[in-house]
Amino acid sequence: MRSSLLRSGLGLGLGCLLAACPTPNQGTETSDAESGDCTPGTLNCVCAPDGCDLGLVCASGLCVAGGDTTATAGTTGGPVTTASTGGDATSTSGTTGDSATTSTPECQGGPAASTDCPPERPFCDGAGTCVDCNGLASCAAVDPAHPVCDAMSGACVQCSADDASACGGNTPICDVAQQTCMKCNAHEQCTSGACDLGTGACFPDDAVLWVDRAANPCGTGTQDSPFCEIQDAVETIAANTPTVVKVKPGAMTYKTKIDVASGAVVAILGDGGMPVVGVLADAALINDNARVYFSRLQLGSSLTTAKGFLCVGGDVWTDRVDITARKSVAIDAIDCNIRLRRSRVYLNPGGGLKLSGGSTRLENSFITSNGTGFSTFAGVYLTNNAELTAVYTTIIDNDAAMNADSLHCVNPGLVTIRNSVMFGQNAMTSVNCTGAEATESVIDAMAIAGSGTQVVPTVQATWFKDPANGDFHIKALAPFKDIAVWHAGDPAVDYDGELRPSIDATPDYAGADRLP
């Protein structure tokens, strides 16, 4: 039948060249599909109402062999059949014979991060396409914890130099290099002017009190109407209510003892200079569970036997604080956590630090010329399992009668000295502290010398700028260069703010000061 169709078609074509072609009703042959000999649904026959036989597909109204074809909706109203081509499937639907084509999406369920997408385009955009963050309407809609789009990398990140809106609570600062939120570690990072270094949170901007000794009349603690004494502000602070007290410097010293109540959280900061607290009694008392930050203050001379501060069961942090010429010990702490950073304890006749229990960290600080040669205490005294860590600290020219000059211990806890300088009146009287070890330091006491430490029996005044007047900044002659080793987590700057190395295991100057 198939050959007769071809032959009759050829003859018809030639005949049309010679004469007028006949109309379809003028005796032309018909196909099997149109004759009564062709069973619907079989090969080359019209499609049956229920489709075609197995292995056949309905195409243009006829049943043809299945192959690399695109399925088309039949005109008979029968079911739609889909033919696979081995690639992306293409399907059509409908009963009118028209065709519609759709492509397979890359991903499902957007906008969201999708495991269907490659790492360089990790998000599904909602239209089934994998994109980086530049193809999203908002990173926040996809990942609220990483709401900022980094256009360069295409990644959604936590924060940037331009957008730190996701940072807050105990991680209020954006580490721009890492594009992550972090704890504050310096008062200057916070808009309130104070960092709660124990938690990493910034003090609230709306919890600030003002103090000015020269105020007349004394006010209520606002910037326009400040209190006259620091204690006037401190006594208004409720427990567990972090509050900043900003103190104006001036010609007059502050004369009222600072008494911080149990549970109080307060930052007492010099505002535009270094105010002097010259109280005849102990300059400050920190009670149990209080957390106090002193910054840019001087706890100055007293005419009576009085301490710089007494701490009982609290936490005290100092930054750029001088405790000078107190008749008793500068710091007397019982079961406290003490952190001295870029601070100086100098010329206190009763001694430097007397620590019973708790823990103390000295960092970029000077403990110098404390004691008189007749006093019980001099540099640092530890007892009752008190722990001490001294990093980049200079302990020098302290002088005690009964105990060691630089470091004396009675039943101490862990004592670690690193990257520091320590000299007493002589090598024999400088240190008495069983179990202590000094590493990568310059000291006079062989007994505590550890790895990388240089032992120099006698200190020279020519190593320092003006030691007779308490200036122990170093000169080029000082043998402290490349003895210390800076490690990750160490201070980024020295006592004066000079940059220290920033690469792990880099040699550095030992002690609180370094040369540029």
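Bear in mind that the values in this text are calculations on the coordinates, not laboratory data. Here the structure is a predicted model, which means the values were calculated and not measured. Cβ atoms come from the backbone with ideal geometry, glycine included; neighbour counts cover every protein chain shown.
Per-residue Karplus couplings for segment 444-454, computed as 6.51 cos²θ - 1.76 cosθ + 1.60 with θ equal to phi - 60°, are listed in order as 9, 9, 4, 4, 10, 5, x, 4, x, 8, 9 Hz, Gly and Pro entered as x. Other residues whose C-beta falls under 11 angstrom from the C-beta of SER502 contribute a net charge of -2, scoring Lys and Arg +1 and Asp and Glu -1.
Excluding same-chain neighbours fewer than eight residues apart, the aspartates and glutamates reachable from LYS257 by a Cα-Cα span under 13 Å are GLU229, ASP232, GLU235, ASP282. For VAL265, nonlocal amide neighbours, meaning residues 5 or more places apart or on other chains whose placed amide H falls under 5 Å from its own, are ASN240, THR241, THR243, ARG291.
Cross-link list LYS327/LYS465; LYS183/LYS246; LYS183/LYS327: which exceed 28 angstrom alpha carbon to alpha carbon? Violating the 28 Å limit, Cα to Cα: LYS183/LYS327. Couplings 3J(HN,Hα) for segment 178-187, derived from phi with the Karplus relation 6.51 cos²θ - 1.76 cosθ + 1.60 (θ = phi - 60°), are 8, 6, 10, 7, 9, 5, 6, 9, 8, 4 Hz, where x marks Gly and Pro.
Computing Kirkwood radius over Cα pairs in Å for the structure here picks out one of (i) 28.8; (ii) 26.4; (iii) 29.4, namely (iii). Between beta-carbons, use under 10 Å as the cut-off and find the net charge around LYS354, counting Lys and Arg +1, Asp and Glu -1. Around LYS354, the charge tally is 0. Amide H to amide H distances under 5 Å link THR360 with ILE338, GLU387, LEU388, THR389, where only residues 5 or more positions off or on other chains count and H is placed in the peptide plane.
DSSP bridge analysis restricted to the chain gives an antiparallel fraction near 20%, rounded to the nearest 5. Using the Cα gyration tensor of segment 329-508, with a ≥ b ≥ c the square roots of its eigenvalues, what is the shape: rounded (a/c below 1.5), prolate (a/b larger than b/c) or oblate (neither)? Note, shape of segment 329-508 comes out rounded. Summing +1 for each Lys or Arg and -1 for each Asp or Glu among the other residues whose beta-carbon sits under 13 angstrom from that of GLY273 gives +2. With respect to the chain, whose longest principal axis is taken over its alpha-carbon atoms, helix 2-18 is tilted by about 70°. Looking at segment 329-508, send over the antiparallel percent of its DSSP beta bridges, to the nearest 5. Looking only at bridges with both residues in segment 329-508, the antiparallel portion is about 10 percent.
With Cα atoms as the point set, segment 112-182 shows a radius of gyration and Dmax of 12.4, 38 Å.
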